Amino acid sequence: MTGAAPDLTILVPCFQEGVRIDRFADAAEAWAAERPDLHLEVLFVDDGSTDATPDRLATAAARLPAGRVLTLATNVGKGAALQAGMAVARGATVLFLDADLAVDLTHVDAALRLRAEGADIVVGCRNVPGAEVRKRQGLVRRSLGRGYRRLTCWWLGLDVADVTCGFKAFRRDAGRQLFAASRAARWGFDAEILYLAQRAGLEIREMPVRWYDGEVSAVRLGRDVFSALRELATVRWRHRSGRTPLVSPSSTSSPTSTSSPSSTVPRPSRVPAGPLRDG
């Protein structure tokens, strides 16, 4: 693709999503049609799916503005998939959300307004004034999630109300730097990204969201809770041992930058990626 970079990249990580891709494409197509002045890119990252997801993504990308699909050769985890997508996203703002639209596209406008006001990162929150949970997760998942968020804020000193909500927007160059520095491939990535951003002095703004829990989840409680805690402990260890890479605010200081990726932003070498296909 040539020409000016998009105003916004909507980045969607996908693993075994099946028919939810079709529902997402319907919603995104309708949402984009109501915003003809917004220069939009929709970038799907297929995280090594083995079901019908790749075919459905190709069809969805063809329907959507500047739709593209980045295919990863194997399943590497949500954090690593987003790292790969962030490295090739073209929008001045890069916003990731989940394919099940637990936080729907109507929230994007508010995130863009906060970005325009100077926020480097906008974090969707389910537990701040104005937020609404329309369909809750089960009691066990809610309890585990609440405990994990509290542990994360305590261990890493994070001042963020909702670390794990799957709706976050980044100034593109800041997002690239943060994800390139991240080492948490799976469920610990949110905590590490926000920790790196807070330590760099980047401006993080929170916004309330309406949350509707999806009917199907790729999360497996026993395995993924252990994985998330292990990644969180690793982030804390790297911090305490001085091994956490520094992200400099001065290297992410251009809010309106639309330049191509430079050699100073490392591509994620640990992610085995296939072709990047335009829709």
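Multiply the residue gap between residue 128 and residue 198 by 0.36 nm, knock off their C-alpha separation, and tell me the result in nm, one decimal place.
Numbers: separation 70, 0.36 × 70 = 25.20 nm, distance 1.91 nm.
Length gained, residue 128 through residue 198: 23.3 nm.
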The range 33-152, relative contact order in percent, only Cα pairs under 8 angstrom and at least six apart counted: 19
Distance between Cα centroids, the range 100-128 to the range 83-97: provide it in whole Å. 15
Quick one: length gained pulling residue 74 to residue 213 fully straight, 0.36 nm per residue minus the C-alpha distance? 47.4 nm
Within the range 73-105, what residues put their amide N at less than 20 Å from the label point 7 Å along the Cα-to-Cβ vector of residue 16? 73-82, 98-102
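What is the local net charge at residue 99, summed over the other residues whose Cβ is closer than 9 Å to its Cβ (Lys, Arg +1; Asp, Glu -1)?
Result for the local shell: -1.
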Net length gained if the chain between residue 113 and residue 276 were fully extended (0.36 nm per residue, minus Cα distance): 55.7 nm
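Quick one: net charge of residue 278's neighbours, Cβ under 11 Å, K/R +1, D/E -1?
Counting the neighbours of residue 278, the net charge comes to +1.
Computed from the coordinates by the stated procedures, all read-outs in this text should not be read as laboratory data. In this text the structure is predicted, and so the values were computed from the model without any measurement. Reconstructed Cβ throughout: ideal geometry from the backbone, glycine too, with neighbour counts over all protein chains shown.
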